[in-house]
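For reference, the structure is listed below as structure tokens.
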Amino acid sequence: MNNIEKSYELAKEQYSAIGIDAEKAIKTLNEVSISIHCWQADDVTGFEKEHFSSGGGIMATGNYPGKARNIDELRKDIEKVLEMVPGKHKLNLHAMYGDYSNGFPGRDKIETKHFESWIEWAKNLDIGLDFNSTFFSHPYADDGYTLSHTDRNIREYWIEHAKRCRSISNYIGEKLKKKCIHNLWIPDGSKDITFERFRHRELLKESLDEIFKEKFSSNNMADSVESKLFGIGSEAYVVGSHEFYLSYALKNNLILCIDNGHFHPTESCADKVSALFVFFDELLFHLTRGIRWDSDHIVILNDEVKDILNEIVLAGKLNKSHLALDFFDASINRIGAYVIGIRALQKAILSALLLPVERLREYERDKKYFQRLALFEETKTKPFGSVWNYYCYIHDVPVGEDYIKEIEKYENEVLSKRD
Ligand code: RNT
Ligand code: ZN
């Protein structure tokens with residue numbers, strides 16, 4: 001037995017003393033696929049012929065060398081990332097990341113053929129794909145409105161885009177035999193006091209009704225909608241607010257996407273989990289890390305993410321939660337950013353699965369609140385790391401900080417050669 005196995009055996013004993021089966025936690029963790037956002041690899045640039053500056057608060061800062069410049073580099077980077085994280089995951093695509101090597105037709109004309117090579121790629125890796133319509137970084141989004149624009153032509157352009165994205169998602173799910181989640185987020189809003197708030201929201205509803213008219217098999221795809229609080233340039237007013245999409249998703253049987261960067265900084269997204277799951281069958285989470293604002297820093301194992309995952313597990317809804325990452329940091333090695341973020345989210349899941357739920361609930365039932373808090377506090381210093389290391393070890397991915405040198409190697413051999 002090597003040290004990793006030895007520490008795991010000792011850890012297992014300690015967990016079993018408080019009624020937890022570490023083996024079972026590992027098995028459950030292994031069933032969770034994380035939806036890995038493709039946009040960290042190239043700072044949300046995409047492969048359309050021309051890249052328009054991003055809008056709606058989407059902005060990667062930094063100019064660390066080595067970003068993926070084309071589809072092949074991006075795939076290579078993601079493959080590298082997948083070598084350094086345990087488990088089977090999904091790649092989360094945005095429409096702007098289609099294979100446009102034979103020409104980009106415009107967002108209102110994209111077709112399944114632009115995603116055929118992605119499907120092939122995913123098939124070879126035996127992973128699923130998720131999808132997003134792209135409503136930002138485009139001249140038709142420049143004045144701050146897309147689906148809620150007062151100009152019918154602009155609205156129709158974006159409606160057509162979203163319809164196509166939904167049918168592409170359906171096709172992807174069908175081809176890969178893995179359900180594809182199509183998420184819709186728009187940057188619509190305004191920098192300053194606005195007097196047509198109601199009008200824009202009415203228009204957004206109208207556009208969405210048109211977009212979601214067509215029904216697809218739930219085996220192939222499902223739709224989610226994502227709200228936001230504010231963005232750079234939409235500080236005063238965001239059309240697709242939380243109340244708007246909460247209502248829309250409930251009425252129309254859609255999945256609601258909770259991005260933890262899209263709420264007031266002191267608002268707890270963790271507490272939303274149990275409230276929403278009373279009414280929603282499935283939820284999508286965009287996990288991110290905001291520093292002072294929705295800054296989309298790399299996800300780390302912090303209390304915010306741990307609390308959200310605890311609530312998901314406590315509600316018994318891990319298999320009803322789509323867990324996606326949403327951050328973009330251009331200031332450090334981007335492969336490293338991915339690996340830190342994915343592994344942090346997996347650690348948060350594992351840590352939630354290792355909570356002595358039964359005992360905590362027993363204390364709670366018996367009103368033994370000192371005991372409840374004490375046990376919860378003690379779980380924080382249980383040998384969690386030994387279980388995590390063992391999980392990485394049995395999956396043949398780097399244990400602990402060993403991925404640092406692998407990423408350094410990739411940087412020397414691959415990333416540093418890019419322009
Ligand atoms: C923007 C939203 C959205 C995007 C991606 C790129 O604030 O969080 O999810 O980050 O669609
Ligand atoms: Zn998001």
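The values are calculated or read from the model by the stated rules, or taken from the named source; none is laboratory data. For clarity, every value in this text was computed on a predicted model and none was experimentally measured. Cβ coordinates were reconstructed from backbone atoms using ideal geometry, including for glycine residues, and neighbour counts include every protein chain displayed. For the accessible areas, the whole protein counts, side chains as well, though only heavy atoms, and no ligand, DNA or RNA atoms are used. Shrake-Rupley method; radii C 1.70, N 1.55, O 1.52, S 1.80 Å.
What residues have an amide H closer than 5 Å to that of HIS322, excluding those fewer than 5 places away on the same chain, when H is modeled at 1.01 Å from N in the peptide plane?
LEU283, LEU284, PHE285
Counting only heavy atoms of the protein chains, get the accessible area per residue of the chain (1.4 Å probe) and round it to a whole Å² value.
With all protein chains present, the chain gives 46 Å² per residue.
Can you give the relative contact order of the stretch 24-95 as a percent, counting alpha carbon pairs under 8 Å and 6+ residues apart?
58 percent
At a temperature of 25 °C and a viscosity of 0.890 mPa s, determine how fast the chain diffuses translationally according to Stokes-Einstein, using the Kirkwood radius over alpha-carbon pairs as Rh; express D in µm²/s, rounded to the nearest whole number.
The Stokes-Einstein estimate is 110 µm²/s.
Tell me which residues come under 5 Å, amide H to amide H, from ILE34 once H is placed; ignore anything under 5 positions away on its chain.
Residues meeting the criterion, in which the H sits 1.01 Å from N, are LYS90.
Suppose a student asked you for the relative contact order of the stretch 1-150, using Cα pairs under 8 Å spaced at least 6 residues apart; what percent would you report?
Relative contact order of the stretch 1-150: 28 percent.
Roughly how far apart, in whole Å, are the Cα centres of the stretch 384-419 and the stretch 150-215?
Going from one Cα centre to the other spans 38 Å.
Could you check which residue among ALA315, ALA270, ALA41 shows the biggest mean-square fluctuation in a GNM of the chain with a 10 Å Cα cutoff?
Top of the fluctuation ranking is ALA315.
So which lysines pass the test for LYS367, namely a Cα distance under 27 Å, with those fewer than 8 places away in the same chain ruled out?
Qualifying lysines at Cα under 27 Å: LYS272, LYS306, LYS317, LYS380, LYS382.
How large is ³J(HN,Hα) for each residue in the stretch 211-224, as worked out from phi by the Karplus curve 6.51 cos²θ - 1.76 cosθ + 1.60 (θ = phi - 60°), to whole Hz, x for Gly and Pro?
Per-residue couplings from phi come out as 4, 8, 4, 6, 9, 10, 5, 5, 6, 8, 8, 9, 9, 10 Hz.
Show me, for the stretch 193-201, the HN-Hα J-couplings you get by feeding each phi into the Karplus relation (A = 6.51, B = -1.76, C = 1.60, θ = phi - 60°), rounded to Hz, glycine and proline as x.
2, 10, 10, 10, 4, 5, 4, 4, 5
I'd like the antiparallel share, as a percent to the nearest 5, of DSSP beta bridges with both residues in the chain.
DSSP beta bridges in the chain are roughly 10 percent antiparallel.
For TYR237, enumerate residues with amide H under 5 Å from its amide H, sequence gap 5+ or separate chain, H modeled in the peptide plane.
The answer is SER190.
Go through THR381, THR150 and list them by solvent-accessible area, largest first, probe radius 1.4 Å.
Result, largest first: THR381, THR150.
Can you give me the solvent accessible area of ASP396 with a 1.4 Å probe, rounded to the nearest 10 Å²?
Roll a 1.4 Å probe over it and ASP396 shows about 140 Å².
For MET1, tell me the accessible area in Å² from a 1.4 Å probe, rounded to the nearest 10.
Approximately 150 Å² of MET1 is accessible to the 1.4 Å probe.
Please turn the phi angles of the stretch 127-133 into ³J(HN,Hα) values with the Karplus equation 6.51 cos²θ - 1.76 cosθ + 1.60 (θ = phi - 60°), one per residue in order, whole Hz, x for glycine and proline.
Going residue by residue, I get 10, x, 10, 10, 9, 9, 5 Hz, with x marking Gly and Pro.
Obtain the nm distance between the two label points defined at GLU358 and LYS380 by a simple spin-label model: each point lies 7 Å from its Cα along the Cα-to-C-beta direction.
About 2.6 nm separates the two model spin labels.
Normalised by the number of residues in the chain, what is the relative contact order in percent for Cα pairs under 8 Å and 6+ residues apart?
The value is 21 percent.
Over the Cα atoms of the stretch 208-288, how large are the radius of gyration and the largest Cα-Cα distance (Dmax), in Å?
13.4, 39
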